[in-house]
Structure formats: C-alpha cells, structure tokens
Amino acid sequence: MTHLPNSLQGRDITYLLHPVTNARAHERTGPLVITRGEGVHVFDDSGKDYIEGLAGLWSVALGFSEKRLVEAAIRQLHQLPYMHLFASKGHEPSILLAEKLVQMTPKGLDRVHFTNSGSEANDTVIKMVWFYNNAIGRPEKKKFIGRIKGYHGITIAAGSLTGIPANHKGFDLPLDFARHVSTPHYWRFGHEGETEDQYSDRLAAELEEMILTEGPDTVAAFIGEPLMGAGGVIVPPRGYWPKIQAVCRKYDVLIVADEVINGFGRTGKMFACETYGIEPDILVLSKQITSSYQPLAAVVFSDAIYQGIADGSETLGTFGHGYTTSGHPVATAVGLECISIIEERDLVSNAARMGRILREGLARYKDHPMVGEVRGEGLIAAVEFVSDKATKAGFQPVGLAAQAVMAACQHHGLILRVSGEAVCFCPPLIITEDEIRELLHRFDLAMTDAF
Ligand code: PLP
C-alpha cells in the first residue's frame, strides 16, 4: 500500500522503528493508526470501527473510555505530579496501592515493589532473588527455570526467561542463568493414550530432572504464567501446577507466578493462582492493574524474601535497585481507581460469564477442517489452525492461516493477535453479551473469507 509522505502513515514509516514489528514488512503496509476509543471499540483515522478483541495488548480491562481513570490521573497530576520512592521518600497513592495489593492477593504475599512494565518487574524479580540469595548466604543459587513459549518480557534478563525463539533470535539471548522446560500443552504434546494427569506427571519429572542435573544448590526459582498468554493462550493440563509446585518445594526453588496478563480477573478469578491452586513466593502484576492507562507493574512477594533483603541491606548494603518512575504517583493513583472499578462492578464475574459465551461460540469451530484446538479459560481464548487435522501439522511459513484469519478479522472490524498457529482473544473485562455476539459474528465473517 502506498501512503502519501505527509500522511500520518507516511511519517510513521519515515520516522518510527516499531516494537515487535518486522520493519521491512511495516514499510510496505504502514501502520493502522488508531485515533480514538469507546468502550470495547477503537476507531482508525478513517473512522472505521473495530472491536478490540485483544484489549490492546491483553490489558485494557476497562475499555477505551473509562472517565474515572482519566479523572484519577488528572486529580493526581494536580495534587502531586511526581515524587520518587528512592532513599525513603514516599507518597500516598503508592502506599495505598501497595496496601491494597497485599490485602487482595493470595495469602503469603506481604510486600510490594513497583516498576513501570512487566519486563522491568521480571528483571526486578531476578535481581531481588539474587540479592536475597546472596544475603542469606547461598550465592550459588542463581538460575531461573522458565518454559518454552513462556513470555516474561523483552529486556535482556526478562527476555532470557521468555521461551519464544523469535524474541531471542538476533539478540544473543538467552543469557546463561536461564533454563527452559517444556510447554504444558496437552493437546499438542500429550502422548497417545496419556491422560492429562499423566502428562503433568511427565512434565513435573522433567522439571525435577533439570533441577537435579543443574544441581539444586544452583537453581533459585521457577517462573511461569499460570495460563500462558503471549505463547498462544495455553491452558495448563489438570494437575500441572500442584505437581510443579511440589517439585519446587522439594528443592527449595522459589515459585514466581507471572500474572502480567492473568491478574485482575482474566481467568474468571481475581488471580489465576486461585484458578490453578498456586501458592507463589512472588507474584508479578501489570497491564490490567491500570487498564494500561498508565505504565505500572508490581512485584508482590513473601515476608521471608523481604526479611532476607532487609537483612541484606545491613550486610551487603542498600538494595540498590529501582527506577526514576518506580511507583509513579499518577500510575499508582490510576491503579487504585482501576482496581476499585473492577471490584465495584464485579468485572471478575463478568469475565467468567462472558468468557463462557465467547468459548461456547468459538467451540463451533472445533470441527472445522483447518482448526486443531479451541481453548481458553475465563475471558481469554485461542483458536489454533492446522494444515492437517490428523497429524496436527502446522503451516509453512508458521502462522500462515492464523495471519490470514487475523487480516480478515481486521477487514471485518475485529482486532485479534496471532501467536504461532493460533489467533488469540482477550477482550476488555467490561464486554457485554451483545458485544461478544458481535465479536463472534465478525469472526465468523472472517473465517468465511479466509477459508
Ligand atoms: N510477563 C507477561 C506474562 C507478559 O504477558 C508480558 C507482556 O505481554 C510481560 C511480562 C512484559 O510486560 P511489558 O510488555 O510491560 O514489559
């Protein structure tokens, strides 16, 4: 598509390098420029309406026009637009939000450290755990085990925990402290005749073997998204988390639950740790915490880790980690308001109810010759395409069908996201039944076009 050089698209192509974008492909197509939002809809610069079926980047829980969040930001900007938290400075919204997070998250999580993004939060987790293990006298215990297809961010350290080759390629990642075990995807990797429980046993045994091979004294933590998001909405098989948790406990390996996508209702419970029976030592939150109206993430962690770090501050020196905008007052004020709205409107129950309707609607495609699996939990789902239903073979190039469906969706006014061979659904938590039905209708039109 050709764009006039002085159009927004032309200037975008001239001046920007986009995140997570193929630069040459982008030069050919230009951006889809979004100019405004209303509820679950966004509108492009020609006025065309789209249902944002991925809530931005799995994140805009309250939709694109929540005035209370805007007002909370404005109030805070008037009151105190900036103050940092370094060297014992403080401000009210960060204190209130930390208190709220400790109260609402699963028990055993007692302290909060704020960052600006999920990637920074996971970098922070790595540094906190290293500092903690240094402080309590086990400096060898430093390795992190993540999972293939796990997504934990994009910075050098968090990007190393991510298990998606496309995020490593060309960047000399992963760094050597990171290891990866298998993706818990029963439909694709379960053996013939193996039950979900048996498959989970096999994955727990694989983790145990890795810990033993590396040496338990060198393995600090296991990190996982309770339900994998960016890797393709992969729902853990029955029994998976309790079995993984038991292995971690046996070898004194900390459990990090990365709920950057899952947290605040996405899986139909406030936190996915409740959905899957996980008792993490560290919980990572971001995205829906402010509906992404402001950049904010939080690491919520146990008192034992806090005490180790606090003791370490006396012996190793100051916990010398943090960012200029860690716990920014405007972001934390918006976070407080966002959580209030999620609670007041009971959007967690809405996510469970709307998710059922979405997943029932998508289930009609189970018998489609090009569909391998329809999966999901709460208000997050995926449809995975196959070139051969019997062998579950994908496409060459990978994602060919999913890309075609996504493009057709965009044509029909529905924004989704592709991961591997799957298209992913993660609409705002505020979505109504009529809007889900309209989303499904637009998806139907796209499927008819694509195949
Ligand atoms: N962790 C998970 C589970 C994520 O899904 C993401 C982003 O999608 C991140 C971490 C990284 O967050 P950010 O993009 O804010 O750095």
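Bear in mind these aren't lab numbers, they're just calculated from the coordinates by the rules spelled out. Quantities reported herein were computed from a predicted structural model and do not represent experimental measurements. Virtual Cβ from ideal backbone geometry, glycine too; neighbours counted across all protein chains shown.
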Can you work out the FRET efficiency for the pair Lys250 and Thr195, with r the C-beta to C-beta distance and R0 = 25 Å, to the nearest 0.05?
0.60
Sequence-distant residues sharing a close amide H with Leu414 (under 5 Å, placed H):
Ile51
Do any trypsin sites (Lys or Arg not before Pro) in the range 107-188 lie in a loop, going by DSSP, with at most 15 other beta-carbon atoms within 10 Å of their beta carbon, and if so which?
Lys107, Lys169
Extending each Cα 7 Å along its Cβ direction at Asp110 and Val398, get the distance between those two points in nm, one decimal.
4.3
Please figure out what share of the DSSP beta bridges in the chain is antiparallel and state it in percent, rounded to the nearest 5.
65
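Give me the extension gain from Ala407 to Phe177: residue separation times 0.36 nm, minus the current Cα-Cα distance, reported in nm with one decimal. Can you show the working numbers first?
Values: separation 230, 0.36 × 230 = 82.80 nm, distance 3.84 nm.
Gain in length upon complete extension: 79.0 nm.
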Under a 5 Å amide H to amide H cut-off, with H placed in plane at 1.01 Å, what residues pair with Gly372 once short-range neighbours are removed?
Glu384, Phe385, Val386
Starting from the Cα of Tyr323, step 7 Å toward the Cβ, then list every residue of the range 240-283 with an amide N under 17 Å from that point.
259-261
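Where in the chain lies the longest segment free of GluC sites (Glu not before Pro) that are both loop residues by DSSP (not H, G, I, E, B) and have at most 15 other Cβ atoms within 10 Å? Numbers along the way, then the final one.
Values: sites that count: Glu140, Glu192, Glu194.
Result for the longest clean stretch: 195-451.
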Given the Cα-Cα distance of Arg345 and Arg238 and 0.36 nm per residue of separation, how much length would full extension add, in nm?
35.4 nm
Lysines whose Cα lies under 16 Å from that of Lys366, excluding same-chain neighbours fewer than 8 positions away:
Lys389, Lys392
Leu316-Asp49 FRET efficiency (beta carbon distance; Förster radius 56 Å; 0.05 resolution)
0.50
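Taking a quarter of the surface of the Cα convex hull of the chain, what do you get in nm²? Write down the numbers at each step before the final one.
Numbers: hull surface 87.3 nm².
If I average the Cα hull's projected area over directions, I get 21.8 nm².
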If I model a spin label as a point 7 Å beyond the Cα along the Cα-Cβ vector, how far apart are those points for Ala304 and Gln79 in nm?
3.7
Would you be so kind as to identify all helices of the chain, as entire DSSP H runs, whose Cα atoms reach 20 Å or more along the helix's own axis and whose mean Kyte-Doolittle hydropathy is at least -1.0?
118-135, 196-214, 329-344, 347-363, 433-450
Just subtract the alpha-carbon distance of Ala166 and Arg36 from 0.36 nm times their residue separation and send over the number in nm, one decimal.
43.7 nm
Arg353 and Asn6 label points (each 7 Å along its Cα→Cβ direction) are spaced in nm at 5.2
Which of Ala351, Val233, Gly153, positive extreme of dipole for the chain (C-beta unit charges):
Gly153
